[in-house]
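Engineer: Structure incoming, see below.
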Amino acid sequence: MLARKDRSRRTKGGLRRRKGATVGHENGITSHPVFRLLLGLLLAGLLIQLGIVLYHDEITQKETGEDETQNVGVRGMAEKLDAYHVAEESEEATSGPPHLFPVLKPLPAHAPIENADKLIRDTLNGEPTIVGIVAILQKFLKSLHSKFKELADQHVEDGFKLRDQVLNAYLDLSKETLLPFDAAYRGKPIFEIREDESIFISIAAYRDHLLGETMRQAFSNAAHPERLFVGAVVQNCFGIDSTCRTGVQVVGKNANGQPMTKVSDAPPDTNGVEEFCTDENFKKYCDSGQVRALYVNETESLGPAVARYYASKLWGGETYYMQVDAHLQFAPQWDQKYIDDLKLTNAFPKAVLSAYPPGFTEQHTLGTTPGARLCTCVFSPSDVEHQIIRINTGANYRGDEERPTQIAFIAAGFFFARAEFLVDVPFDPLLPWAFMGEEIALSMRAWTAGWDIYAPRKNLITHQYRPGRMGLPKFWETVGRTFNRPGPGFNTKLQTVTIHRIKNMVGYAESSREVIEKAGNDIVLADLEYYSMGKERTREAYLEFTKINVDKRKCGSIKWCNKGELE
């Protein structure tokens, strides 16, 4: 302070000059020794400050590893994100793989994707992104919606003629959009598989009021919710081009004691993804890109096989692939326990866990009861199901097994495997309107591709089984209404054709290539070689392994499965 006061005094004295003196005068301010001293000190201070700034920038660059090339890459990514305007990313979110950006926003439903044409071209040309894939699926669904509406408006009286028109329309649009996409990535994963123990959960939901709660259950009971990624196919009645209707509701009994039913108008369905993403406890998972959704109008709902095909395309490189139904409850730490069980199998990494989970009534024992093995099957006696093979459970684990044991079948409602499964057993887009049959096809294709099937040792999920008396909507009812033919009959006509695709794989004589070609059903054989048996083991070997005799329509006893003899 003393020095500062003294300097201030001298400076004041230095500012005095005689009246009439100029700045350039030898006695002016610039020639004063105090001024020169101060100017020198000022310049020295500026040089020191500049040196500190330059040194700090150099240290910062070394610490962060950012060189000019990286800065250009970051700027390019930022420009790409701004151009698409598809998602709202946080600074933390942009640290992930580039194909996950822009982040696909799960809401609102049916939101168009900007720059869709470019994203589609990039994806088909080897630069895939999740948003590009969804743009492809949206394009297909939009075309399908228009074509189905056009056919419905023609009011074709002949049901079989309309059936053939609908089948051909679906096949033509698939050849334009879905099949070229599949061909672009055949034999390889669409994205590099991340080795971070992440889990992709495929959920195909048809007008399901429990979808939101199922997602809450999955995240809230996971040991590592930050590693979960959901791909939800939401098939809802949104009230677009049609009035929403209930399922067949039982409203009483008639004089003969038989149930009386009705179908009523209904409001648009609840969006389970919206329920989840607007819940403050779970919103962060949607904001971070861990929830991906594809919205399908009820009028384009074509059954579980196609919906699960769509869901498989929402996979984004996660380590594990898990397929489930939209009405489940989960045990604590279910995710880590499934991973641990999978790694204990002798066939890992080419191992699949699968089971029919117990019903909700057993929720009090969730996570503690021994798992059941899928060890039995039967040829369906139903004319509607065309004698397709239906699988079922056999014996349970005892509860003290050290590792999972092999089983015969994969359940479509739950399986868990490494994501390489999608490369070896790609989902088939040409099974529309089929309900039964996807499980025997999935089992045979996986096993012949070299994957062994195992039952998890504990029941880590429970399932809401839905008898008809619950009155919930069914997709075949929607199909009938879409084409002005209420009831399940028109869907049955369509399924009668497409189910031959499965029966041909399994080896039914009436579904041989020769018979199908003679019938002229092109959809049954289209690209079938890419969605049929694997090349590691034969179909005949699988049928012998599982004691199935197709010609005699007989499923034998699979003792090794029920006794848990194969590890």
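Engineer: Return yes or no: is residue 453 part of a strand (DSSP E or B), of a type outside the set (D, E, K, R) and crowded, with 19+ Cβ neighbours inside 10 Å? Spell out the reasoning first.
Structural biologist: On the way: part of a strand (DSSP E or B): yes; of a type outside the set (D, E, K, R): yes; crowded, with 19+ Cβ neighbours inside 10 Å: yes.
Taking the combined requirement at face value, the residue satisfies it.
Engineer: Name the residues in the stretch 313-329 that are open to solvent by less than 10 Å² (accessible area, probe 1.4 Å), farther than 21 Å from residue 465 by Cβ and of a type outside the set (Phe, Trp, Tyr), would you?
Structural biologist: 314, 316, 317, 318, 319, listed by residue number.
Engineer: Kindly indicate whether residue 477 is under 30 Å from residue 261 (Cβ atoms), outside any loop (DSSP other than H, G, I, E, B) and out of contact with any Gly (no Cβ under 8 Å at 6 or more places or on another chain). It would help to see each step written out before you state the result.
Structural biologist: Values: under 30 Å from residue 261 (Cβ atoms): yes; outside any loop (DSSP other than H, G, I, E, B): yes; out of contact with any Gly (no Cβ under 8 Å at 6 or more places or on another chain): no.
When the stated conditions are applied, residue 477 does not pass them.
Engineer: If you take the residues of the stretch 348-380 that are among the charged types (D, E, K, R) and open to solvent by 20 Å² or more (accessible area, probe 1.4 Å), which of them is nearest to the chain's Cα centre (by Cα)? So that I can check it myself, show each step before the final result.
Structural biologist: As a first pass, look at the stretch 348-380 and keep what is among the charged types (D, E, K, R): 350, 362, 373.
Imposing the further condition that a residue be open to solvent by 20 Å² or more (accessible area, probe 1.4 Å) reduces the set to 350, 362.
Details: 350: 21, 362: 28 Å.
Among them, the one singled out is 350.
Engineer: Taking the condition touching a residue at least 24 places away in the same chain (Cβ under 8 Å) and out of contact with any helix residue (DSSP H, G or I) (no Cβ under 9 Å at 6 or more places or on another chain), does residue 338 pass?
Structural biologist: Details: touching a residue at least 24 places away in the same chain (Cβ under 8 Å): yes; out of contact with any helix residue (DSSP H, G or I) (no Cβ under 9 Å at 6 or more places or on another chain): yes.
Yes: the conditions hold for residue 338.
Engineer: Shifting gears a bit: Can you list the strands (runs of 3 or more DSSP E) lying wholly within the stretch 276-389 that have 3 or more residues being of a type outside the set (Phe, Trp, Tyr) and in contact with a strand residue (DSSP E or B) (Cβ under 9 Å, 6 or more places away or on another chain)? Steps first, please.
Structural biologist: Details: elements: 291-297, 320-324, 328-330, 351-354, 376-379.
It comes to 291-297, 320-324, 351-354, 376-379.
Engineer: Let me ask something additional. Name the residues in the stretch 121-160 that are under 18 Å from the mean Cα position of the chain (by Cα) and farther than 21 Å from residue 318 by Cα, would you?
Structural biologist: At the first step, the residues of the stretch 121-160 found to be under 18 Å from the mean Cα position of the chain (by Cα) are 123, 128-141.
138, 139, 140, 141, listed by residue number.
Engineer: Report yes if residue 332 is open to solvent by 40 Å² or more (accessible area, probe 1.4 Å), modelled with pLDDT of 95 or more, of a type outside the set (S, T, N, Q) and more than 27 Å from residue 174 (Cα to Cα), otherwise no.
Structural biologist: Yes.
Engineer: Now a separate question. Quick one: would you say residue 112 is within 22 Å of the chain's Cα centre (by Cα), open to solvent by 40 Å² or more (accessible area, probe 1.4 Å) and more than 17 Å from residue 180 (Cα to Cα)?
Structural biologist: It is true that residue 112 is within 22 Å of the chain's Cα centre (by Cα), open to solvent by 40 Å² or more (accessible area, probe 1.4 Å) and more than 17 Å from residue 180 (Cα to Cα).
Engineer: Still on this structure, I have one more. Being surrounded by fewer than 20 Cβ atoms within 10 Å (Cβ to Cβ) and of a type outside the set (Lys, Arg): is that true of residue 286 here? Don't jump to the end; show me each part of the working.
Structural biologist: Values: surrounded by fewer than 20 Cβ atoms within 10 Å (Cβ to Cβ): no; of a type outside the set (Lys, Arg): yes.
Criteria not met by residue 286.
Engineer: Which members of the stretch 487-528 meet the condition of being in contact with a helix residue (DSSP H, G or I) (Cβ under 6 Å, 6 or more places away or on another chain) and basic (Lys, Arg)?
Structural biologist: 493, 501, 503, listed by residue number.
Engineer: A further question follows. If I filter the stretch 139-179 down to residues being in contact (Cβ under 8 Å) with a residue 60 or more places away in the chain and among the polar types (S, T, N, Q), which single residue comes out as surrounded by the fewest Cβ atoms within 10 Å (Cβ to Cβ)?
Structural biologist: Taking the stretch 139-179 as the starting set, the residues that turn out to be in contact (Cβ under 8 Å) with a residue 60 or more places away in the chain are 141, 144-145, 148-149, 151-152, 155, 159-160, 162-163, 166-168, 170-171, 174-175, 178-179.
Among the residues that remain, those that are also among the polar types (S, T, N, Q) are: 168, 174.
On the way: 168: 13, 174: 22.
Ranking the qualifying residues of the stretch 139-179, first place goes to 168.
Engineer: Hey, another quick one. Being touching a strand residue (DSSP E or B) at 6+ places or on another chain (Cβ under 6 Å) and at pLDDT below 95, is that true of even one residue in the stretch 476-484? Break it down into steps so the answer makes sense when it comes.
Structural biologist: Here is the first cut: in the stretch 476-484, the residues touching a strand residue (DSSP E or B) at 6+ places or on another chain (Cβ under 6 Å) are none.
No; the residues of the stretch 476-484 include none that is touching a strand residue (DSSP E or B) at 6+ places or on another chain (Cβ under 6 Å) and at pLDDT below 95.
Engineer: Every residue in the stretch 184-195 that is exposed (fewer than 13 other Cβ atoms within 10 Å of the Cβ) and in contact with a helix residue (DSSP H, G or I) (Cβ under 8 Å, 6 or more places away or on another chain), please. Quick ask: steps written out before the conclusion?
Structural biologist: Narrowing the stretch 184-195 to residues exposed (fewer than 13 other Cβ atoms within 10 Å of the Cβ): 186-188, 192, 195.
Scanning the stretch 184-195 gives 186, 187, 188.
Engineer: Could you please give the count of residues in the stretch 544-554 that are within 24 Å of residue 452 (Cα to Cα) and open to solvent by 30 Å² or more (accessible area, probe 1.4 Å)? Don't jump to the end; show me each part of the working.
Structural biologist: So the first thing to find is which residues in the stretch 544-554 are within 24 Å of residue 452 (Cα to Cα), and the list is 544-550, 554.
Subsequent filtering for residues that are open to solvent by 30 Å² or more (accessible area, probe 1.4 Å) retains 544-545, 547, 549, 554.
Residues in the stretch 544-554 being within 24 Å of residue 452 (Cα to Cα) and open to solvent by 30 Å² or more (accessible area, probe 1.4 Å): 5 in total.
Engineer: Among the residues in the stretch 512-534, are any open to solvent by 10 Å² or more (accessible area, probe 1.4 Å), farther than 22 Å from residue 169 by Cβ and touching a Phe, Trp or Tyr at 6+ places or on another chain (Cβ under 6 Å)?
Structural biologist: No, the stretch 512-534 contains no residue that is open to solvent by 10 Å² or more (accessible area, probe 1.4 Å), farther than 22 Å from residue 169 by Cβ and touching a Phe, Trp or Tyr at 6+ places or on another chain (Cβ under 6 Å).
Engineer: May I pose another question? Please determine whether any residue of the stretch 381-391 is open to solvent by 50 Å² or more (accessible area, probe 1.4 Å), in contact (Cβ under 8 Å) with a residue 60 or more places away in the chain, farther than 20 Å from residue 439 by Cβ and over 28 Å from the mean Cα position of the chain (by Cα).
Structural biologist: No.
Engineer: With the requirement that a residue be among the aromatic types (Phe, Trp, Tyr) and either assigned to a helix (DSSP H, G or I) or more than 33 Å from the chain's Cα centre (by Cα) (or both), what does the stretch 518-565 give you? Even if it seems obvious, please write down each step before you answer.
Structural biologist: So the first thing to find is which residues in the stretch 518-565 are among the aromatic types (Phe, Trp, Tyr), and the list is 530-531, 542, 545, 560.
Scanning the stretch 518-565 gives 530, 542, 545, 560.
Engineer: Can you give me the number of residues within the stretch 476-488 that are over 14 Å from residue 244 (Cβ atoms) and open to solvent by less than 30 Å² (accessible area, probe 1.4 Å)?
Structural biologist: Residues of the stretch 476-488 over 14 Å from residue 244 (Cβ atoms): 476, 479-480, 483-488.
Add one more test, that the residue is open to solvent by less than 30 Å² (accessible area, probe 1.4 Å), and what stays is 479-480, 483, 487.
The total comes to 4.
The values are calculated or read from the model by the stated rules, or taken from the named source; none is laboratory data. Note that this is a predicted model, so its numbers are computed, not measured. No Cβ is skipped: glycine too gets one built from the backbone with ideal geometry, and neighbour counts run over all protein chains shown. We work out accessible area using only protein heavy atoms, side chains counted, and drop any ligands, DNA or RNA first. Shrake-Rupley method; radii C 1.70, N 1.55, O 1.52, S 1.80 Å.
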